Amino acid sequence: MMFDALISPRQEHDIKYVVGSLKKFDSVTQKFYQLSCGCLERSPPSSPNSCSLFTPILPLAHPIHRQTYSQWKYSMFVNTIFSRKRGRNLYLLPIGPFPETIINTEVARLRLWNFLKDFAAAFFQGPHVHILPEVPLEDIKCTKRVHKNTQQVQVLVGDIFPYLQKMCPPDGYSVIGVSWTDLYPSEDLNFVLGEASFVHHSAVISFGRFEPQLYKDGRKVRECGIETEDEKASMLVKLIKSLCHETCHLMGLSHCVFFQCLMNESSSMEQALQQPLFLCPVCLRKLQKICKFEIRERYGMLREMLLKCCESVECQYFVDSMKWLDQCLSFLDNVAERTS
């Protein structure tokens, strides 16, 4: 969409359908959310002047699979009727044990947990993020099995949610468990990178499987926790994405079918890797409502965190993400200049 392009009645209808009314926002924020109308086009934009920040998923999914802003807002309203009022703090809970190399991992001179806390604080700008003391997996009553190919212990993810719910402090909105032990969602499925329970206001992610060269053809090729810098970068990317994806679920966001987006559904590691680190306008509209951040300020904070990543590891994904943020910030600045 061009900066100065007028919004047609049809586009105005489409925008209101996916992101709700924008009347209360300033002109820059309105222009940004107007980019959401691209997801309802029948074909990709052909104009070279069209904004390419967000790539729509075409053809558009059936309405039953969509979650517009209005639908999200209604579901959150209904949830508040039947549940207690929650705090605004997010809590990260390390579920040990962890390999020594993970314990000693640093990103931009920050221990891994502190880096994750700071990244989550930038992504969900608004809620405070805290780290709870590490708990051993043995303290959690949960079903376990040994994976037939990897011969590694796995934990049934649904059994962890009640424990995490009990660990949530009174001022907490939710608790996100972070485990090295592999997870599985049901007996007929191999593994899951992470899962969230909106009912329990808790989520859990596992990153032991994130090491890309730990197994080959289902067979273990080296010990856990021994990684090169490239593998450290890959692990960090997946850990950040899983943390933000599952936490968004806790804030009521369903899988996105409108744009290529962090909230797209994935059924494999490869598919998860292809997803962007950022939210599309439809999903960001929901997150902004609950976290109450200013869009440009949030993107600026995320850029600072990605800069720390680029200074710590060599990773093209982080470099490309930085370039996207620069384009997004440039778009916002250009709109601000044109509307001032």
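The values are calculated or read from the model by the stated rules, or taken from the named source; none is laboratory data. Computed from a prediction, not measured in an experiment: that's the story for all the values here. Because the Cβ atoms are built from the backbone with ideal geometry, glycine has one as well, and the counts that use them run over all protein chains shown. Just the protein is used for accessible areas: all its heavy atoms, side chains included, with ligands, DNA and RNA removed. Shrake-Rupley method; radii C 1.70, N 1.55, O 1.52, S 1.80 Å.
Do you know which residues across the stretch 267-298 are part of a loop (DSSP other than H, G, I, E, B) and open to solvent by less than 50 Å² (accessible area, probe 1.4 Å)? Within the stretch 267-298, 268, 275, 276, 277, 278, 279, 280, 293 qualify. Looking across the stretch 8-34, just one residue is open to solvent by 90 Å² or more (accessible area, probe 1.4 Å) and closer than 19 Å to residue 297 by Cβ, and that is 24. Residue pairs whose Cβ atoms lie under 9 Å apart, separated by 6 or more positions or on different chains, with the first residue in the stretch 65-86 and assigned to a loop (DSSP other than H, G, I, E, B) and the second small (Gly, Ala, Ser), are 66/254; 67/75; 67/252; 67/254; 68/20; 86/172; 86/174. Here residue 95 meets the list (1) in a strand (DSSP E or B); (2) open to solvent by 30 Å² or more (accessible area, probe 1.4 Å) almost entirely, failing just condition (2). The residues of the stretch 1-21 that are modelled with pLDDT under 85 and either of a type in the set (A, V, I, L, M) or touching an Asp or Glu at 6+ places or on another chain (Cβ under 7 Å) (or both), listed by number, are 1, 2, 5, 6, 7.
Checked across the stretch 313-321, the condition of being free of Cβ contacts under 8 Å to residues at least 12 places away in the same chain and of a type in the set (Val, Ile, Thr) holds for at least one residue. Inspection of the stretch 244-266 identifies at least one residue that is touching a residue at least 40 places away in the same chain (Cβ under 8 Å), acidic (Asp, Glu) and touching a strand residue (DSSP E or B) at 6+ places or on another chain (Cβ under 6 Å).
When the residues of the stretch 98-107 are filtered to those that are polar (S, T, N, Q) and in a loop (DSSP other than H, G, I, E, B), the one that is surrounded by the most Cβ atoms within 10 Å (Cβ to Cβ) is 105.
Among the residues of the stretch 255-266, the ones that are surrounded by fewer than 18 Cβ atoms within 10 Å (Cβ to Cβ) and either farther than 15 Å from residue 205 by Cα or of a type in the set (Asp, Glu) (or both) come to 3 in all.
A residue that is at pLDDT below 90, within 15 Å of the chain's Cα centre (by Cα) and closer than 20 Å to residue 97 by Cα occurs somewhere in the stretch 238-260.
Looking at 110, 116, which one is open to solvent by less than 40 Å² (accessible area, probe 1.4 Å) and not acidic (Asp, Glu)? After ruling out the rest, the residue left standing is 116. Listed conditions (1) in a helix (DSSP H, G or I); (2) open to solvent by 40 Å² or more (accessible area, probe 1.4 Å); (3) not polar (S, T, N, Q) are all met by residue 322, apart from (2).
Scanning the stretch 227-254 for residues that are open to solvent by 10 Å² or more (accessible area, probe 1.4 Å), assigned to a loop (DSSP other than H, G, I, E, B) and closer than 26 Å to residue 83 by Cα yields a count of 2. Tallying residues that are β-branched (Val, Ile, Thr), part of a loop (DSSP other than H, G, I, E, B) and open to solvent by less than 50 Å² (accessible area, probe 1.4 Å) within the stretch 140-160 yields 3.
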